[in-house]
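Everything below concerns the one structure shown next.
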Amino acid sequence: MSLPILSIVTFLPLVGAAAILFGVRRDNPAAARHVAFATSVVTFLASLPLAVRFDRTTAAMQFVETHAWIPSMGIRYHVGIDGITLLLILLTTLLSMIAILSTWTAVTTRVKEFMVAMLVLETSMIGVFIALDFFLFYLFWEAMLVPMYLLIGVWGGERRIYAAVKFFLYTLAGSVLMLVAILVLYVKSGRTFDIQTIAHLAPTFSPAMQGWIFAALFLAFAVKVPMFPFHTWLPDAHTEAPTAGSVILAGVLLKMGTYGFLRFAIPMCPDALPRFLPAIMLLSGVAIIYGALMALAQKDLKKLVAYSSVSHMGYITLGLFALNQQAMEGGILQMINHGISTGALFLLVGVIYERRHTRLISEFGGLTKVMPIYAVFFSIFTMSSIGLPGLNGFVGEFLTLVGVFHSQFRIFAVVGAFGIILGAGYMLWMFQRVMFNRLDNPKNFELKDMNVREFVVLAPLVVLAVWIGLYPDPFLAILHPTVNHLLAQAPVSVASLGPLP
Amino acid sequence: MTTTAWIPALPLLAFLCNGLFGSFYPRRWSHRIATAAVLAALALSIGTVIGLVSHSGHGPFLYGDLYTWIAAGTFRVGVGIQVDPLTAMMLVVVTGISSAVHVYSTGYMEGDPGYRRFFTYLSLFTFSMLLLVLANNFLLLYVGWELVGVCSYYLIGFWYEKRSAADAGKKAFVVNRVGDFGFGLGIFLIWVTFGSLDYHTVFAQAHTIVGQHIALLGMEVPTLTLICLLLFVGAMGKSAQFPLHVWLPDAMEGPTPVSALIHAATMVTAGVYMVARCSTLFDLAPVAADVVAVVGGFTALFAASIGLVQNDIKRVLAYSTVSQLGYMFLAAGLGAYGAAAFHLMTHAFFKGLLFLCSGAVIHSVEHGFHAAGVHADPQDMRNMGGLRAQMPATYRTFVVGALAIAGIPPLAGFCSKDLILERAFAHGNALGTLLWGVGVAAALMTAFYMFRLIFMTFHGEGRYPAEAESKIHESPVSMTRPLVVLALFSCVAGIVGWPELLGGPSLVHMGEGILAFLAPAFGHGHAAHAHELSEAVAWGLMGLSVAVGVAGIAIAYALYVGRPERAVALGRAFPQVHRVLLNKYFVDELYDVIFVNAIKTLARLLHRGFDVFVIDGIVNGTAIIIRDIGAGLRPLQTGRVNNYATVMLTGFVVIAVVASATWL
């Protein structure tokens, strides 16, 4: 028996959180920062062996640990990962580390509690990805809410309580629906919470039953994505959250919704799926255009990036529900890419927010002149966000759209391609108003360029963006078997238009 | 393969070196590194052409993948290169003009705070353009296509503090994205149709899908025609063809060496390259090919007419570029890919020359005005005049370029433009004849506006304060030397395609010439059906095209040197026409109203009216009601918690309605 590596990765941040809680005095914020960052670095390093030792040839769950937990209820501690969750876990450990480092000087109040919240959040996020038992999954899922709620509500901006409550209730309402679905599945599957067992049994349920289960699961996850029209909590949450909170929220939390689609909604309800597909594709298409138009209208940098997320998540759901290999792999890769690019954009907004304490686009202009290094990073992630080939966003976006074009929902590839024009519009317009034009606001004359810490925070994301852009194969190779397996469970009739000539 | 791979790799390395480490060494090293790289790439490119010529331009051509880039299921695309005669010609054009521009820029950009940044972008652009022409599949072509676009964006907005420059960069990018919308869909359709994006596979199988149809908006459209039209939409964006031409004149906000390299000689010809590259497809889709020819012909005339009245020296050249690109599409659409590619090459030399000359003029006038404390637009020809005295070298080379583009024998433009007109006439149907007429009319305008530019700039009296006169002087050697080199090529580049009527390329020891060299790169479709013209007709055509060139020059002379007041009077005599032309047919204004402002207004209205008012409005309204009810029933409840539960419910109702609608 080898090391329970998944459990180690999952609970290391919790151990760090406990160490800070009990071992660090409140009047010693530096210690809290150091312990938290060290913990996140160790967690990240501990997650790397997962990638190295991952078997890229199988769709089976790997690094599985299973122990009886509450036998009377059929609840087990059952964890494991496949290609999808491997990538998501690596993204989580990387972004957590980066987010913690980004708060070094930005968070100055209740540092100890902040770091505890960040680390508890990391544990619960990883927990969601590794859980193979529905009860365990739900536990982590709900656990994730609390620290995020606190991050927004305690360390947020002026309307933080409003935003935090909005976030909490939206998600909680989704969770209630999910809980109902889980309980139905539990009862109908002969009182087991085992996700893989349920995934085998659920497709044998009556189509009507599958329909109800799918609807409940879909709504629960659609709120989290968020899909149009459930997106209004997102701009508020992002605007009020501290930078690190936005990074985690955009980078990982939104992916919980699409992960839910992949792990539960799609494989468990194959008979119900075809009926829902047109509506889902429509909502995704609307999200792409609507999110882009909303982004065009924003005056606040964070709101702009938040609405751009609605648009980008629209591409992802489009890809996942086109139900073919290209679109789904593109969609999953785009989940990672969105985490990288949007995470980086929030970090970049944080850099100037920390200096100017405003996010209003009109307050800036001509920053390139005083912050040339910042300008380079900003332009790289702007280009990544609008899908410039050679950077990460293009690969995912292209695979998604070429796959959607090959599905029965061809028209939505056209919609998606049109959204790319709008994407260039709102991003470049924003970039111009912040970085170009004349440096005419006296408050910006003396702005300091990025310091070494900020450079270190962003540099890994640049490396990843270029790596995925030029050589995505290592990432896609991880996905091939898992996606293949997933599609084999999907209804054949909608999988694709048939073989290519 | 490895030798060829060095051609794009060298500028890429220069880009990385200057981009990453440039701040650690003196700035003159940035141009040394960049220039050395592009010169070496030029040498390798020339070697490539020589290698192909020694094989008489026949295959097998270099073709292979370096690595698999993206793979998912049955989708697979590699990073790979191909070198055939068309690519080889493009390699020389790109590295050749790029080299000249690099050298020129050391003088032009001297003293600019963004000196190093400029050379870094130039290297990245050169790499991207080389990637574009070397790619062996559609997706990699698209990569190069987007990368040159982004370089163009950064270089147009190079002086980013200038609002108009930043605007122009953004406009160029977004308009190109509109074209890429079509290009992207074309690529999707190619993959769905052929199961591959590799040139080899697609072109080899193209004939098997003739007759295949695809449903589009309820109509059955031939698949191949649709593919070609979608690709051409991309070409229209990149090569600034009507109605996507609007970005190119604005792109003149960039430094002039950039205008020469990117917005005249290389990047904007990528669309022509793409159509020529896909000749096999266009040959099998005659309707699409006709669209290409018509759009090209229309743009040639349309842009030339705007060029007649512009006063900004660079804008005249910009519209001239749009017009000349139209000629190339006209030729390509009629199946004369060789003629299109030949004109692409000669145009690169003389238009690159013309831009660099205009840059020298602007550079000197700007410095002169600055030194004399004169506040006037240094690009407006109404502030120039009589400059040949101060700038003799620039003047002479400028005239060479102007004669070349006007189609005066034996210069390069004569050979290629005459070939296009001849092929149009020989096409043998009404469309060919019509486009020939359009081409001749545009040729008249071309000669006129070019010499209007020459006369307004260099002849007559200086229309600037006398104190500036002594401050305006010839550019440094680093700038004039590239002018001389390009002028030389503008004179002799035509001989590789010397007209058959005058003895053909072999007369001037050019073997079978460029058309024979390029032929293996193209499909041999409907161009072959063209008639052979009788010698008398051919002489007549050539005589006519030379005559209109001379006539254009003569009219310009009569109006701008003979009696300058007549030019003004002419404008006054037709005020409406003059106003429409001066305002570029108001296309920009139209687009602002129907696209830019409409979308911005829609976004604002949707945000305020729907996102905030409807969604959050329903939320808050319902929330208040429920809170009040809740407050009456249960004092324990805190309003807000319930409010959002209501929001959720509203959302679910919306989705339930949508879902059940599709369920049925």
| Between helix B:564-573 and chain B: long-axis angle, C-alpha atoms, 0 to 90°, nearest 10 | 40
| Using the Cα atoms of region B:471-607 to build a convex hull, what is its mean projected area in square nanometres? | 18.9
| said: Output needed for chain B: three equivalent-ellipsoid semi-axes, defined as square roots of 5 times the C-alpha gyration tensor eigenvalues, in descending order, whole Å. | reply: 45, 33, 27
| field | Residues in region B:143-167 reached by a label modelled at residue B:366 [backbone nitrogen below 16 Å; 7 Å Cα→Cβ] | value | B:155-166
| When the accessible area of the protein assembly as shown is computed with all protein chains present and a 1.4 Å probe, what percentage of it is carbon and sulfur? | 68
| request: Please check chain B for the longest run free of GluC sites (Glu not before Pro) that are loop-located per DSSP (anything but H, G, I, E, B) and have at most 11 other Cβ atoms within 10 Å. | output: B:1-460
| request: Enter the angle in degrees (range 0 to 90, nearest 10) between the Cα long axis of helix B:639-663 and the first principal axis of the Cα atoms of chain B, meaning the one along which they spread out most. | output: 70
| message | Please list, by residue number, every one of the GluC sites (Glu not before Pro) in region A:387-482 that is coil in DSSP and has at most 12 other beta-carbon atoms within 10 Å. | response | A:446
| message | Quick check for you: which residues of region A:39-68 have the amide N under 15 Å from the point 7 Å beyond the Cα of residue A:2 toward its beta carbon? | response | A:46-58, A:60-66
| For region A:338-395, the spread of Cα positions along each principal axis, largest first, Å | 35, 22, 18
| field | For the protein assembly as shown: span of alpha carbons on each principal axis (Å, largest first) | value | 101, 66, 57
| field | Folded to 0 to 90 degrees: helix B:286-307 orientation relative to chain B principal axis, Cα | value | 70
| request: Give the ranking of A:362, A:2, A:47 by solvent-accessible surface, highest area first, calculated with a 1.4 Å probe. | output: A:362, A:2, A:47
| query | Can you give the direction-averaged projected area of the convex hull of the alpha-carbon atoms in region A:283-501, in nm²? | reply | 12.2
| note | Interface B-A: total buried accessible area (1.4 Å probe, Å², nearest 100) of 6400
| task | Could I have the simple spin-label model distance between residue B:512 and residue A:488, label points 7 Å from Cα toward Cβ, reported in nm to one decimal? | result | 5.5
| Per residue, how much accessible area does region B:129-287 show when a 1.4 Å probe rolls over the protein heavy atoms, in square angstrom? | 22
| task | In nm, give the distance between the simple-model label positions of residue A:60 and residue A:452, each being 7 Å from the Cα along the Cα-to-Cβ direction. | result | 4.9
| request: Return one whole number: the accessible area per residue of region A:283-501 in Å², for a 1.4 Å probe. | output: 27
| field | Computed FRET value (nearest 0.05) for residue A:154 with residue A:466, which takes r as the C-beta separation and R₀ as 45 Å | value | 0.80
| Inter-site label distance for residue A:299 and residue A:53 at 7 Å from Cα along Cβ, in nm | 5.5
| message | For a bin width of 10 Å, list the pair-distance distribution of chain A built from all Cα-Cα distances, rounded to whole %. | response | 4, 21, 32, 28, 12, 3, 0
| task | Please give the FRET efficiency for residue B:374 paired with residue A:41, using the beta carbon to beta carbon distance and R0 = 56 Å, rounded to the nearest 0.05. | result | 0.35
| field | Cut-off of 10 Å, at most 11 other beta carbons, DSSP loop: longest stretch of chain A lacking such trypsin sites (Lys or Arg not before Pro) | value | A:192-447
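The values are calculated or read from the model by the stated rules, or taken from the named source; none is laboratory data. Source: prediction; values computed, not measured. Ideal geometry is used to build each Cβ from the backbone, glycine not excepted, and the neighbour counts take in all protein chains shown. Just so you know, the surface numbers come from the protein's heavy atoms only, side chains and all, with ligands and any DNA or RNA stripped out. Shrake-Rupley method; radii C 1.70, N 1.55, O 1.52, S 1.80 Å.
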